Amino acid sequence: MISSQSSEKDFVPTIDTILLCIQSMQELKFVRTLCPDFLNLLTTLESYRLTALEKARDALVWDAFYSKQSAAIVLSDKEKDDLTKMKQRGSDTRRIYINIIIACCMNDLFCLWTAKHFSASEFIIRFKEYFPFFTKSRSPLLFHSELSSDEHKQLQDAANVCLTWVEQSYQQATSNGKNISVIPNEYSLEYPATIKLITFYLNDVQYTVSRLKTMFCQ
């Protein structure tokens with residue numbers, strides 16, 4: 001497994017191994033200490049998807065080139081249709097991936113903040129890993145290395161939401177002795193819509209990679 005505690009990758013696990021690990025973590029109800037590892041596995045899975053998407057685009061370009069030549073072996077209509085659909089839904093799947101990343105970060109921080117045995121140091125360490133731009137520190141989490149400017153802005157917005165929520169929670173706790181214990185639905189990993197996004201994303205990556213293998217690795 002790619003550890004969140006190391007910047008070095010001894011090896012890249014296979015897509016089947018990653019999916020198995022992620023499914024196991026889901027069955028454990030996202031144990032708090034596993035969230036950074038879950039994020040790194042998800043980012044590795046995304047790298048598989050992006051590589052597959054690049055191969056799909058290349059295949060369509062080369063097919064268009066060779067289709068103009070006689071006696072050339074080209075893609076079937078079914079293969080071209082499948083590759084085109086992969087290409088078309090690429091940006092949508094990317095948005096889903098970013099939404100899952102943000103939901104995981106926020107859910108973990110909310111759980112840490114409302115934990116029965118609250119640890120301020122653990123919360124701060126995790127907050128800096130998820131949102132390193134506040135302290136200009138370097139995060140060990142892989143997803144930070146490949147964010148676009150728009151995606152980085154989404155992460156900043158999420159961090160501000162988290163800080164506002166924590167401030168309101170603290171004010172409520174000091175005024176009446178009660179903490180805000182309800183995680184907003186859009187950031188809860190047990191919320192049906194979030195579960196549906198994760199399931200869709202995992203299935204899409206698995207299908208995209210396996211379909212390309214079927215086409216070109218026989």
Restrict the check to segment 89-97 and report whether at least one residue is of a type in the set (Lys, Arg) and part of a helix (DSSP H, G or I). yes
Could you check Thr43 against (1) assigned to a helix (DSSP H, G or I); (2) among the polar types (S, T, N, Q); (3) free of Cβ contacts under 8 Å to residues at least 40 places away in the same chain and say which number it fails? (3)
Condition set over 17 Å from the mean Cα position of the chain (by Cα) and of a type in the set (A, V, I, L, M), scope segment 89-129, selection least open to solvent (accessible area, probe 1.4 Å): answer is Leu112
Residues satisfying the stated conditions in segment 41-74, i.e. more than 18 Å from the chain's Cα centre (by Cα), under 30 Å from Pro13 (Cα atoms) and open to solvent by less than 60 Å² (accessible area, probe 1.4 Å): Ala56, Ala59, Leu60
Can you pull out every residue in segment 137-179 that is open to solvent by less than 70 Å² (accessible area, probe 1.4 Å) and not in a helix (DSSP H, G or I)? Ser137, Ser139, Pro140, Leu141, Leu147, Ser148, Gly177, Asn179
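The values are calculated or read from the model by the stated rules, or taken from the named source; none is laboratory data. Nothing here was measured: the structure is a model prediction, and the numbers come from that model. Neighbour counts are summed over all protein chains in view; Cβ atoms, including those assigned to glycine, are modelled from backbone coordinates with ideal geometry. Accessible surface is based on the protein model in full, side chains and every heavy atom, while ligands, DNA and RNA are left aside. Shrake-Rupley method; radii C 1.70, N 1.55, O 1.52, S 1.80 Å.
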